[in-house]
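Okay, structure first, notes after.
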Amino acid sequence: MSLEPIALEGSRLAANVPAQHRVVDADQWTAAARQLHDAGARLLTLWGADDRDRDGVFRVFAAYLLPGRALVLELALAAGDPTYPSLEPWFPAASRLQRATRDLLGLGAGEGDTRPWLRHGGWPEDRFPLRRDVSAETHVPGVPGPYPFVRVNGDGVHEIPVGPIHAGTIEPGHFRFSVVGEKVLRLEERLGYTHKGVAKRFEALPLLEGHRLAARVCGDSAVAFSWAYCAALEAATGATVAPRATCLRALALERERIANHLGDLGALGNDAGLAFGLSQFSAIKERMLRLNQNVFGQRYLMDYIVPGGVRSDVGPRLVRPLLDEATDVERDVVALKAIYDEHAGLQDRFKGTGQLAPLTAKAMGALGLAGRASGIDLDLRVAMPWAPYGDLRPHGVLSMDGDVAARVQVRFDEVMESLRLNRLLLEQLPHGATSVSIPALGSRTTGLGLIEGWRGPVMVALEAEVPSVIRRCHVHDPSWQNWPLIEHAVTGNIVPDFPLINKSFNLAYSGHDG
Amino acid sequence: MLNIINRIRGIGILSEALPGSDTDEPRLRDIHERLHRVFGRALRIRHVDAGSCNGCELEIQALTNPYYNLEGMGIAFVASPRHADILLVTGPVSVNMEEALKRAYQAMPHPKWVVAVGDCGACGGIFGTGYASRGPVSSVVPVDASVQGCPPSPLSLLEGLLHVTRQPAQHGS
Ligand code: SF4
């Protein structure tokens, strides 16, 4: 098959960042994948939709990140034979996304790994829950069967199964280690344990309430997801959010980033044997959460971002405590960083552990924080700044080392940068409204929201229908790209280092499972 | 080393009094006595995320920070359900976690309590029930108490823990 090159352009897609949309046929779908791969683009996400009620077809969509813009390709699939060419040969991240799309909609990617991913046998194999003719409420039990993990054979090789319930207060997932002695030869992840059917749930919600569910796709990234949802909704309906509201949203997003990074920095110290780090960092984080409660009315900003703006204003009386806090946090973090840097035992555990080489990171399509620790210079706040990041001009953070130490370093640097952005936002908070009303929907419409959360790019693709209902909503967490990285980073390390390596990525389970 | 010690000294002790300790002295003393009688200051919790969004986990983790200092009260998290007195369950129970939750529950020795955490654990929350969600924890294992909130604050969680130990525990037959 010879594939004609296609133009990697499309019509404008309503979004908070520069984005385009193009309808392709199956050959163009494949040709585009090859061209996009060669051009260094990244596959952000892939999802499907059941449009048989509208025009008799299924659809599959692929969203790519190019320099300075996003591109969404759309391919229609015949209802009788809903298959499409796999993107896995060019983009390894496609594999699990395609498996999930098969589990939910029955759309097949022809080749590659065909094991189920989100369906663990909890519902029947031939029942595709995201199809429109499948009821949202009924639970039809399936027959759980064994999951065929890839076996490693050889002298002295044995398997260690871990999970889904883990030792600490963390989310569930399964890790299958093949080891010789203490050394990990291979790690295979099995996720999907927290799959709750979020996409189906969206379709039962009014358009103006979807942000509440979006915030709860991944509770530690509530601001990023709810902003992405609202951005998609506002783009789709043509609403323009006032500058004061966008600044307050950014303030919330940067606070979410700082709080999560502080939590991780403490936990990483603890996992490497320095419990002092955990108590110190968790105390700073706790003080931030308490200030959140005073300023925003919530410790975690689950419902602060609402369609059209933010729920409440930050009055002049509250700006001073926020600025003072930034000074305190900065002072504490600088002092703790000096302690971490000079602690020989800690550095011994951090350096060279869980190495993810920049070349592997690039080939695997690594995103966000973990990518930036392995030389992938991509931060959407810098690369395609949406309001107010264009004015803020954030500095990107980068390391080439790819080990636990690099992921610690990137967190320290990003905390400092977010504190700087916070100060800028607070000092130059524009006057004006904190929310606008969302115009009524005239016809079926789509929108895209793309936000750099603390883990990396979070995306919401929204299709809205009159009268003000969600027809389809796809949410994406960068953990989809980054989970497979851990399988690489842990190879050759010893089993006892796994918790530390895993924590240094700190990927989402719920955000991934959906 | 010296700078670590200096920092610890400089910050001092942040831990706060138990909820309600200055308003509700007799109640608290009663809880303490009961806790002591049953557990001898050794209440052990096994947490299971049965499908949560991870919001509830953040607040459960916060219980161990210096402000709430759960361990200072003789309450600690354990890795095995076999060592636990309380099963602290978050999330609407996803269909994919149903079996694991049941097994963790069954592995616990008697007497035991189950606490459902968050709006999701208590009633299914925003996720409700569906093809992949069984909804509240009580639809899968017997629940003794629930702590509402989305996520519930560490203080509500503490109150919930102290509250449940005043109730009769689940005994084996
Ligand atoms: S109660 Fe709220 S925070 Fe807890 S799991 Fe449910 S949605 Fe998440």
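Just so you know, all these numbers are worked out from the coordinates, no wet-lab data involved. For clarity, every value in this text was computed on a predicted model and none was experimentally measured. Cβ atoms come from the backbone with ideal geometry, glycine included; neighbour counts cover every protein chain shown.
Points to keep in mind about this one:
- Peptide packing: for A:259-265, A:49-55, A:171-177, the average count of neighbouring Cβ atoms within 10 Å per residue gives the ranking A:259-265, A:171-177, A:49-55, highest mean first.
- Over the range B:115-173 - Rg/Rh using Cα atoms and the Kirkwood inverse-distance radius: 1.03
- Charge context of A:GLU286, other residues only, Cβ under 11 angstrom, K/R +1, D/E -1: +2
- Cα-based Rg of the range A:112-234 normalised by 2.2 N^0.38 Å, two decimals: 1.37
- Exposure proxy ranking, count of Cβ atoms within 10 Å, fewest first, for A:MET384, A:MET400: A:MET400, A:MET384
- Kyte-Doolittle at least -0.5, axis length at least 15 Å by Cα - qualifying DSSP helices, chain A: A:222-237, A:243-271, A:275-296, A:316-342, A:404-427, A:479-490
- Projecting label points 7 angstrom from Cα along Cα→Cβ for B:CYS123 and A:ASP81 puts them 5.1 nm apart.
- Cβ-Cβ distance of A:ARG12 and A:VAL469, R₀ of 35 Å, FRET efficiency by 1/(1 + (r/R0)^6): the value works out to about 0.90.
- You can think of it this way: the chain between A:ALA440 and A:PHE149 has 99.8 nm of extra reach, that is 0.36 nm per residue less the Cα-Cα gap.
- Cα-based values for the range A:1-124, radius of gyration first and Dmax second, are 14.4, 43 Å.
- Fully extended contour minus Cα-Cα distance, from A:LYS183 to A:LEU318, at 0.36 nm per residue: 43.3 nm
- Taking label positions 7 Å along the Cα-Cβ direction at both A:ALA167 and B:LEU14, the computed distance is 2.5 nm, reported to one decimal.
- Rounded Å value of the spacing that divides the Cα centres of the range A:449-506 and the range B:104-173: 28 Å
- Projected label distance in nm at B:HIS171 and A:ASP328, using a 7 Å step from Cα toward the beta-carbon: 5.0 nm
- FRET E, pair A:ARG115, A:VAL23, Förster distance 30 Å, beta-carbon r, rounded to 0.05: 0.45
- Distance from the range A:343-388 to the range A:57-102 (C-alpha centre basis), Å: 26 Å
- Counting other Cβ atoms within 10 Å as a rough exposure proxy, the listed residues A:MET459, B:MET73 run B:MET73, A:MET459 from fewest neighbours to most.
- Peptide A:216-223 has a mean of 5 when you count, residue by residue, the C-beta atoms of other protein chains within 10 Å of its C-beta.
- Principal axis dimensions, largest first and in whole angstrom, of the range A:313-449 by Cα: 57, 42, 19
- Column: log10 I(q)/I(0), Debye, Cα scatterers of the range B:54-173, q = 0.21 Å⁻¹: -1.26
- Length gained on full extension, A:GLN347 to A:ALA275, computed as 0.36 nm times the residue gap minus the Cα-Cα distance: 24.5 nm.
- As a proxy for reagent exposure, A:SER282, A:SER11, A:SER374 were ordered by neighbouring Cβ count within 10 angstrom, fewest first; the result is A:SER11, A:SER282, A:SER374.
- Shielding of B:132-140 by partner chains, average beta-carbon count, 10 Å: 4
- Computed over the range A:206-355, the ratio Rg/Rh where both radii use C-alpha atoms and Rh is Kirkwood: 1.06
- Local net charge near A:THR353, Cβ-Cβ under 13 Å (Lys/Arg +1, Asp/Glu -1): -1
- For chain A: Kirkwood Rh in Å [reciprocal of mean 1/r, alpha carbons]: 23.6 Å
- Separation of alpha-carbon centers, the range A:390-418 and the range A:122-143, rounded to whole Å: 43 Å
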